[in-house]
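The values are calculated or read from the model by the stated rules, or taken from the named source; none is laboratory data. All values reported here derive from a predicted model rather than from experimental measurement. FYI the Cβ positions are ideal-geometry reconstructions off the backbone, even for glycines, and counts take in every protein chain you see.
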């Protein structure tokens, strides 16, 4: 199942100008709820999905991820970007084969990380990381789908907060064929501006995982795309955990007030 041509074309147009928010649902219900709110695109979250399976992030395998992407992409009439982690592969050829699978799920975009899977040496060696993005680009081109390729550099996520190395990697990924560039957990507006300038005219994705900026301010800095990763899922879990703890510890039910009408929200008619 490939994404419709209209959704793919619209997703690519969205990366050409302006700034849009692409929130991250973690299942079909959250995807459909977000689709009612005027957002123009959605993105999956590997962390949010893993938590629904009772597991931490980076613990879900390729087959489960592909199945999840198919279900979410089919559930909404919006472009969906796939959080594909590090592509579930090390070598470029293996990554290309897996990208060939993800383009068949109905997503309009895919994000590939340079996280090695080893917290002690968390980033793939520079040359290998660049070759992986080049291989992903070739796989998408060979598929003829034209889905948007986003390249992520994970240094700030894994306690390697080196902005110069992050920019070096993102610039190289742009040269290797990435359509969009992304460095999660950047919170310095100066760093955001530096990344935007370094990879221009390629668009930049910014994750807002703490209230360090706003959509309007990010747009002024030249950010093209905003996501929130697992933050909406965490917010939902917080509500669930707070209510459950109150019941377990106090025997009271004060959280059961002014709850949303989910049947009305999700009624397809």
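What are the residues in the stretch 223-255 that are part of a strand (DSSP E or B) and either without any contact (Cβ under 8 Å) to a residue 40 or more places away in the chain or in contact with a helix residue (DSSP H, G or I) (Cβ under 8 Å, 6 or more places away or on another chain) (or both), if any?
Listed by number, the residues that qualify are 225, 226.
For the stretch 79-108, give me the residue count where each residue is under 23 Å from residue 155 (Cβ atoms) and in contact with a helix residue (DSSP H, G or I) (Cβ under 6 Å, 6 or more places away or on another chain).
Residues in the stretch 79-108 being under 23 Å from residue 155 (Cβ atoms) and in contact with a helix residue (DSSP H, G or I) (Cβ under 6 Å, 6 or more places away or on another chain): 10 in total.
Taking the stretch 195-221, which residues are crowded, with 17+ Cβ neighbours inside 10 Å and over 24 Å from residue 45 (Cα atoms)?
198, 199, 221, listed by residue number.
Would you be able to tell me the number of residues in the stretch 54-64 that are in contact (Cβ under 8 Å) with a residue 24 or more places away in the chain, surrounded by 13 or more Cβ atoms within 10 Å (Cβ to Cβ) and either part of a helix (DSSP H, G or I) or more than 16 Å from the chain's Cα centre (by Cα) (or both)?
Residues in the stretch 54-64 being in contact (Cβ under 8 Å) with a residue 24 or more places away in the chain, surrounded by 13 or more Cβ atoms within 10 Å (Cβ to Cβ) and either part of a helix (DSSP H, G or I) or more than 16 Å from the chain's Cα centre (by Cα) (or both): 1 in total.
Go through (1) surrounded by fewer than 22 Cβ atoms within 10 Å (Cβ to Cβ); (2) part of a loop (DSSP other than H, G, I, E, B); (3) in contact (Cβ under 8 Å) with a residue 12 or more places away in the chain for residue 97 and report which single condition fails.
(2)
Are there any pairs, at least 6 apart or on different chains, whose C-beta atoms fall under 6 Å, with the first in the stretch 128-157 and on the phi < 0 side of the Ramachandran plot and the second at pLDDT below 95, and if so, which?
What qualifies is 145/2.
Each row is one residue, and each column tells you yes or no for (1) assigned to a helix (DSSP H, G or I); (2) crowded, with 17+ Cβ neighbours inside 10 Å; (3) out of contact with any strand residue (DSSP E or B) (no Cβ under 8 Å at 6 or more places or on another chain).
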{"residue": "121", "(1), (2), (3)": "no, no, yes"}
{"residue": "130", "(1), (2), (3)": "yes, yes, yes"}
{"residue": "137", "(1), (2), (3)": "yes, yes, no"}
{"residue": "142", "(1), (2), (3)": "yes, no, yes"}
{"residue": "151", "(1), (2), (3)": "no, yes, no"}
{"residue": "167", "(1), (2), (3)": "yes, yes, yes"}
{"residue": "170", "(1), (2), (3)": "yes, yes, no"}
{"residue": "185", "(1), (2), (3)": "no, no, no"}
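Could you list all residues from the stretch 1-53 that are under 14 Å from residue 108 (Cβ atoms) and in a loop (DSSP other than H, G, I, E, B)?
1, 2, 3, 4, 15, 22, 39, 40, 41, 44
Could you tell me whether the stretch 246-269 includes any residue that is within 25 Å of residue 58 (Cα to Cα) and either exposed (fewer than 10 other Cβ atoms within 10 Å of the Cβ) or at pLDDT 95 or above (or both)?
For the stretch 246-269, residues within 25 Å of residue 58 (Cα to Cα) and either exposed (fewer than 10 other Cβ atoms within 10 Å of the Cβ) or at pLDDT 95 or above (or both): absent.
Does residue 78 satisfy the condition of being in contact (Cβ under 8 Å) with a residue 60 or more places away in the chain, surrounded by fewer than 24 Cβ atoms within 10 Å (Cβ to Cβ) and touching a strand residue (DSSP E or B) at 6+ places or on another chain (Cβ under 8 Å)?
The answer is yes for residue 78.
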